[in-house]
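Written below as structure tokens is the structure these notes are about.
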There are 2 protein chains.
Amino acid sequence: MQHIKRFFIGKPLKSSDEGGQQLSKVKALALLSSDALSSVAYGTEQIVTVLITLSAAAIWYSLPIAAFVLILLTSLILSYRQIIHAYPQGGGAYIVSSENLGTYPGLIAGGSLLVDYMLTVAVSVSAGTEAIISAVPALYGNQVGIAIIIVVLITAMNLRGLRDSASLLMIPVYLFVVVITIMILTGLAKISTGSLAFHATSLVGAAVPGITVGLILRAFSSGSSSLTGVEAISNAVPFFKKPKAKNAAATLAIMGIILGFFFAGVTYLNWYLGITPKLKVTILSQVGAAIFGHGSVMFYILQFSTALILALAANTGFSAFPILAYNLAKDKFMPHMYMDRGDRLGYSNGILTLALGSIVLIFIFNGSTERLIPLYATGVFVPFTLSQTGMIRKWWHKRSKGWIGRSLANFVGALISFSIFIFLLMYHLGDVWPYFIIMPIVLLVFYKIHDHYLKVAAQLRLVKQVKFHDYAGSTVIVLVSNVTQVTVGALNYARSIGDYVIAMHVSMDENPAKEHETESEFKKDFPDIRFVDIHSSYRSVSRPVLRFAKIISKNARERNYTITILVPQFVPKKPWQNILHNQTSLRLRAALASREDIVVATYSYHLKR
Amino acid sequence: MQHIKRFFIGKPLKSSDEGGQQLSKVKALALLSSDALSSVAYGTEQIVTVLITLSAAAIWYSLPIAAFVLILLTSLILSYRQIIHAYPQGGGAYIVSSENLGTYPGLIAGGSLLVDYMLTVAVSVSAGTEAIISAVPALYGNQVGIAIIIVVLITAMNLRGLRDSASLLMIPVYLFVVVITIMILTGLAKISTGSLAFHATSLVGAAVPGITVGLILRAFSSGSSSLTGVEAISNAVPFFKKPKAKNAAATLAIMGIILGFFFAGVTYLNWYLGITPKLKVTILSQVGAAIFGHGSVMFYILQFSTALILALAANTGFSAFPILAYNLAKDKFMPHMYMDRGDRLGYSNGILTLALGSIVLIFIFNGSTERLIPLYATGVFVPFTLSQTGMIRKWWHKRSKGWIGRSLANFVGALISFSIFIFLLMYHLGDVWPYFIIMPIVLLVFYKIHDHYLKVAAQLRLVKQVKFHDYAGSTVIVLVSNVTQVTVGALNYARSIGDYVIAMHVSMDENPAKEHETESEFKKDFPDIRFVDIHSSYRSVSRPVLRFAKIISKNARERNYTITILVPQFVPKKPWQNILHNQTSLRLRAALASREDIVVATYSYHLKR
């Protein structure tokens, strides 16, 4: 087991190695932008798909809609750059909202994102799997299996730690960036030389009968799901090289420029070429085929790198979820175990929870998760709205130089995010409603956990003057199943800690002759130690032991003694042999935890062969 | 949890309640014969399916083949009646073979049956599910789910105990018996009154071109799978009412008569009506339709009771597997836990293992398990051969009155079983080969377990003169994470058992100021107790504790002290809250088991709210 773990995860790192795990801009872009960049693969398509429901002539509206999405992108990025500078220790929506708006809005933001990261992973991996299947149709029917293998691989990479994964992730991300850039530039070049014919379904500004504001808003809110990847970088500021905030803000800007260029380019080429969505062939793939030629090498590279970046978009969730879980755990809204770091300095419990959650989602939706996208977008734009509203309050409280400009930037961001949220409710309620069931449950869980931790802390707090209680002595009860070497060792130990040692045996045999066999054997070998034989009519060891413990406990209280029950346990040489032993001692330990006044001690007897 | 368990399983029974759990003949027949009787649903079909590969005219051969199968049945039953009388304490193939032929043949018999019972459950439940699906086609696509629900229900019945299940099982078994009896008698009556026309594909004795001995043996060995249910009763003798052996032998005879009548009747009616196997419609169902009329009430009752008894055939495995596992565990070939009885006196671990194994098989084969039948038959006839050969040796050793007759009966039984085994190898090797891979693995596991238990027993055996070792005192190390009420309680206890008490804290914080916070807090409150602060560079608590334990251990050896490490643990009020605590103490306990000289004691602090 240990060896397998070492092979996949690598050897443990010291906490002080932390610095070495930090990211350059080039690596950070690879690690944190795959979610945003991969939206190029479906962003234009989602807008056009809505417009085409009216008519092919309506496609020209994708150009102004895309332009508006780009304006949103710019303002979101400006807004998030401010968050990065204001929260250089990492400012996710959870931290920003709870600090500036209060605990409750913070928890809504945090809870939304927590669930959303699971959706990201499930949706991205499923999309990547579909792309793989369209490339290799022989794999059809194994979608769920392939998706789970991808999740497991990404999980392993993340357990290895940030730096190692970034190196691995750079190849596919930059491959995608290069391929799409070549595609757009080639397309524009071919258009300017006239070797790519103009096929647009209608000219820009052409009158389209039946067009409504509702349809345009519907198309717009579909397209806005391309904006969901922006949060990742602002969450991860602490992982950047110094100067952290500056590098993070620069990375965010670079990502915004690339994404904007891609989104505008693909939407323009699509309109120019007059491409309409087809079943089984994506718009990006049609644009690629028109520019590179169907079946050309570049076309296949495009398909392949699209599949890869979609699969890797899941990694954004793996970067962000554990940090968010850590922050929630630190504030006592999630179990403390999310604060533990693994051997490679990653928050392993968060990584594993996310992997498990997304695998469950993949199973439930059987690998086809398209309809989850509006739900997922809702879960993103709610925290976006909250965190930017929080920033406005922050600027207002400080009112330092330039606060009005800053507030304005965040106000625009908040307004856009909130509008998209409203549009999603208006035009996609059929897919969005589960949000209003999931969130109250998540908030209830947060509340229950928080309440528990607070109550525990109150109980445990020491009063001013700590006074010791002096016990008069200690009773030790040694559990004896057979009289063996283990009995001798356990009794030796018991006599070293106890003032009064009792051996206890639970007999279950129906045969009275056999029942007293252990007793007589014991008395022969250890005549000076009291032996108690308890008969169990129900074949349970725990119940009679608890019953006897109650009597002893009363006795010990009167004499001011502590009670220890010593349970011997075998430690076999090979792990599989554990199944051959210790069932009783496990059950006993669980049962005895119900008594506060009894300490259960485990005597480990090591089997030599 | 406890309430749910009580509802499904019932309240615990005393060991001395055993007597009340015993079976009358009527109940035993219901409980132990469903496997045998359900073979009526497919026995004739398997013979005819092989014959029809030559021509429809060959179907008349099913009559002599069925007659021969009936002779086999009679001789197997005679042979098994002898086993029942010779082993009134329960004589499965494992016990009979190992007592008379030696350990190795016994293990082959036991191992075969152990795997076979899992196959029985998987095959029967899948067949029952198919029958349910043909009745309610809307359920198609949920086979695996339905099969698993059936397994879970049967498991729950068996965990409740024998008597309760028998009452529940009586209804479907006797319903099936009544329905088939009515069907055969109605059929014969209609034939004699001439209202059912003779449609046989050929007369008995008609020359069939191309018929070979091979084909007949192939058909015969297919049909012999109907004989596999005979073992169940001889395994279960101890569960019968007194006189146990007599009642069991009588039940076996009754079962044989019913099965013989059914098998002969269905085969004869099938030949007379000239029915050939059709896809999706079983022969039994065609015979029923011809006699009762398609769509009549009786026809549906027939279909329904067939589905039920197929599903319940699984119960035979549930009766036999736990007892076999118990016997193997008693002889140290399987883990001891198979000897533990549950609350309702059933061997719960055996029941649960069988349920789990069969669920895994259902998953692997996706609910379609027909091709497992030859494999399953092989696993039955090998132990049959071994146990009856064992009986011959037994009679030879005793040579009491009538031993020659008895030996002859068992010899015929052994010969038949062995021949069928050979035919299965010759004509169904394509399905039977896994037997020769599974068995060596099972035997290896038996050997490994046995070897381990023997080695353990040798190590633990006490030498003649037991001498105590007197320790000079005890060192107690109390693990402190924060200074709280728990610390006070743990230290109080530690002082009652220890001569030397140390508090130990593992610090992981990078921040040196915070690192020593716990230390100064502790020293303020407990100035007289030594406090050791250990820094962990790898964020692991176990490793530094083990490192420190090593030093203390050397020290303690020199001073002749024992060492106890006291780990505090929280006991929350509600079970779900456990996920919020104790991760560290669990990991520590596991890590510290690696040191024999250290006893780990758990101090349970109960949270009050």
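The values are calculated or read from the model by the stated rules, or taken from the named source; none is laboratory data. Note that the coordinates shown come from a computational prediction; the quantities given were computed from them, not determined experimentally. Every residue, glycine among them, receives a Cβ derived from its backbone with ideal geometry; neighbour counts consider all protein chains shown. Side chains included, ligands, DNA and RNA excluded: accessible areas come from the protein's heavy atoms. Shrake-Rupley method; radii C 1.70, N 1.55, O 1.52, S 1.80 Å.
Accessible surface of B:V571 in the full protein assembly, 1.4 angstrom probe, to the nearest 10 Å²?
In the full protein context, B:V571 sits at about 30 Å².
Skipping prolines and chain starts, which residues have an amide H placed within reach, meaning under 5 Å, of the one on A:V571, given they are 5 or more residues away or on another chain?
Close amide H contacts, sequence-distant or interchain: A:Y605, A:H606, A:L607.
Classify the stretch A:20-138: rounded, prolate or oblate, from the alpha-carbon gyration tensor (a ≥ b ≥ c, eigenvalue square roots; a/c under 1.5 rounded; otherwise prolate if a/b is larger than b/c)?
prolate
For a quick check of understanding: with a 1.4 angstrom probe and all protein chains in place, what accessible area in square angstrom does A:L586 have, to the nearest ten?
Solvent-accessible area, nearest 10 Å²: 110 Å².
Return the distance in nm (one decimal) between the two label points of a simple spin-label model at A:A206 and A:N366, each offset 7 Å from Cα along Cα→Cβ.
4.0 nm
Can you give me the long-range amide H partners of A:V501? Hydrogens built in the peptide plane at 1.01 Å from N, cutoff under 5 Å, separation of 5 or more residues or another chain.
A:V476
Counting only protein chains, not ligands or nucleic acids, how are B:H450, A:H336, A:H516 ordered by accessible area (probe 1.4 Å), most first?
Greatest to least solvent exposure: A:H516, A:H336, B:H450.
Based on the alpha-carbon gyration tensor of the stretch A:312-419 and its eigenvalue square roots a ≥ b ≥ c, which shape applies: rounded if a/c is under 1.5, prolate if not and a/b is larger than b/c, or oblate?
oblate
Where both residues lie in the protein assembly as shown, what percent of DSSP beta bridges are antiparallel, nearest 5?
If we restrict to bridges inside the protein assembly as shown, about 10 percent are antiparallel.
Mind listing which trypsin sites (Lys or Arg not before Pro) in the stretch A:121-201 are in a DSSP loop and have 14 or fewer other Cβ atoms within 10 Å?
Filter output for the stretch A:121-201: empty list.
Compute the label zone of B:D470 within the stretch A:458-493: residues whose backbone N is under 16 Å from the point 7 Å along Cα-to-Cβ.
Residues passing the 16 Å test: A:492-493.
Would you mind getting the Kirkwood hydrodynamic radius of the stretch B:406-475 from its Cα pairs, rounded to one decimal in Å?
The Cα-based Kirkwood calculation yields 17.7 Å.
Can you classify the protein assembly as shown as rounded, prolate or oblate using the Cα gyration tensor, where a ≥ b ≥ c are the square roots of its eigenvalues, rounded means a/c under 1.5, and otherwise it's prolate if a/b beats b/c and oblate if not?
It comes out oblate by the Cα gyration axes.
For B:L479, what residues show an amide H to amide H distance below 5 Å, using hydrogens built from the backbone and excluding near sequence neighbours?
B:M504, B:L566
What helices does chain A hold that run 30 Å or longer along their axis, going by alpha-carbon atoms, with a Kyte-Doolittle average of 0.0 or more, using DSSP H for the helix calls?
Qualifying helices: A:62-86, A:103-135, A:162-192, A:244-273, A:297-330, A:373-398, A:403-432, A:435-460.
Counting DSSP beta bridges in chain B, what percent are antiparallel, to the nearest 5?
5 percent
At 7 Å along the Cα-to-beta-carbon direction for both A:H294 and B:K554, put a label point, then send me their distance in nm to one decimal.
Rounded to a tenth, the inter-label distance reads 7.7 nm.
Could you work out the helix-only [θ] at 222 nm for chain B, with each DSSP H run of four or more residues adding -39,500 (n - 2.57) and the total divided by the number of residues, to the nearest 500 deg cm²/dmol?
-21500 deg cm²/dmol
In nm, to one decimal, how far is the B:F436 label point from the A:R530 one, both placed 7 Å along Cα→Cβ?
6.6 nm
Give me the number: length gained by fully extending A:K330 to A:A253, i.e. 0.36 nm times residue separation minus the C-alpha to C-alpha distance, one decimal in nm.
24.7 nm
For each pair in A:K464/B:K550; A:K550/B:K332; A:K330/A:K550; B:K246/B:K330, compute the distance between the two Cα atoms and list the pairs where it is over 29 Å.
A:K464/B:K550; A:K550/B:K332; A:K330/A:K550
Give the longest segment of chain A that steers clear of chymotrypsin sites (Phe, Trp or Tyr not before Pro) in DSSP loops with at most 14 neighbouring Cβ atoms within 10 Å, not counting the sites themselves.
Excluding the exposed sites themselves, the longest stretch runs over A:199-467.
Which FRET efficiency, nearest 0.05, do A:L454 and A:D597 yield, Cβ-Cβ r, R0 30 Å?
0.70
Using alpha carbons only, how many angstrom separate the centre of the stretch A:460-529 from the centre of the stretch A:415-453?
56 Å
Please sort by residue number the trypsin sites (Lys or Arg not before Pro) in the stretch A:359-450 whose DSSP state is loop and whose Cβ has at most 15 other Cβ atoms within 10 Å.
Those satisfying the criteria are A:R399, A:K401.
Which GluC sites (Glu not before Pro) from the stretch A:439-525 combine a DSSP loop assignment with at most 15 other Cβ atoms within 10 Å?
Qualifying residues, ordered by number: A:E510.
Compare A:T49, B:T186 by solvent-accessible area with a 1.4 Å probe and give them largest first, with all protein chains kept in place.
A:T49, B:T186
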